[in-house]
Amino acid sequence: MKLRELQIKDAYRMYEWMHNADVIKDLHTDFYRLTLNDCFTFIANATQKSSALHLAIANDNDEYMGTVSLKNIRDSSAEFAIAVHPEAMGRGYSIFAMEKILEIGIKNYNLRNIYWCVSPANKRAIRFYDKNNFKRIDYQNLSLPNNVCYSDEEKRHYIWYSYENNKLL
């Protein structure tokens, strides 16, 4: 397993998970509406310097298994995101990618606040984060940067996590 830059060849497997009902059913982005061309565009944009870091999760044969990201990198904070291909589920790719991207964020970007949220309907993700000792934070204790737009209702609705409470780091 490894993290690497996204490559154009990854678009096809990215498109597969984006159109897999079991993968996307409880995510708060409507990936099903996205096209293969959207995947190509995302990958092309991911290689440019910006306020986000998007990396491919790859197996030992360099086959794309998912994407792990730090978004809205600003003021020592970033939002974490991950999505994996169905073939990667339950095989250790997610925890590997999380540990690596959080380490990159802390060491390479000097991030002090890496946060993410999960819909309460996404039981699989919640079990994963809880099983791996990622501690929840109360939405009232959230300190989101100004460039991150979550309504008060979204803040209350989602389950929030932060690396600061993570024993793995």
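The values are calculated or read from the model by the stated rules, or taken from the named source; none is laboratory data. Model, not experiment: these values are computed from the prediction. With ideal geometry, Cβ positions are generated from the backbone for all residues, glycine too; neighbour counts draw on all protein chains shown. Areas reflect the complete protein model, heavy atoms only, side chains present, ligands, DNA and RNA absent. Shrake-Rupley method; radii C 1.70, N 1.55, O 1.52, S 1.80 Å.
Overview of values
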| read-out | value |
| --- | --- |
| Residues of the range 120-169 satisfying the condition of being at pLDDT 80 or above, within 23 Å of Glu99 (Cβ to Cβ), surrounded by 13 or more Cβ atoms within 10 Å (Cβ to Cβ) and not hydrophobic (A, V, I, L, M, F, W, C) | Asn122, Arg124, Tyr129, Asp130, Asn132, Arg136, Tyr158, Tyr161, Ser162 |
| Residue that is farthest from Ala52 (Cα to Cα) [pool: residues in the range 107-118 that are surrounded by 15 or more Cβ atoms within 10 Å (Cβ to Cβ) and modelled with pLDDT of 85 or more] | Val118 |
| Candidates Asn45, Asn20, filtered to the one that is touching a helix residue (DSSP H, G or I) at 6+ places or on another chain (Cβ under 7 Å) and polar (S, T, N, Q) | Asn20 |
| Sole residue being of a type outside the set (S, T, N, Q), modelled with pLDDT of 90 or more and either farther than 22 Å from Pro120 by Cα or surrounded by fewer than 18 Cβ atoms within 10 Å (Cβ to Cβ) (or both), chosen from Asp75, Asp38 | Asp38 |
| Where Phe96 falls short, out of the listed (1) open to solvent by 10 Å² or more (accessible area, probe 1.4 Å); (2) more than 16 Å from Met1 (Cβ to Cβ) | (2) |
| When residues of the range 21-35 are limited to those that are more than 17 Å from the chain's Cα centre (by Cα) and open to solvent by less than 70 Å² (accessible area, probe 1.4 Å), the one nearest to Cys117 (Cα to Cα) | Leu34 |
| Extreme residue, most open to solvent (accessible area, probe 1.4 Å), among residues of the range 78-92 that are out of contact with any Gly (no Cβ under 7 Å at 6 or more places or on another chain) and aliphatic (A, V, I, L, M) | Met89 |
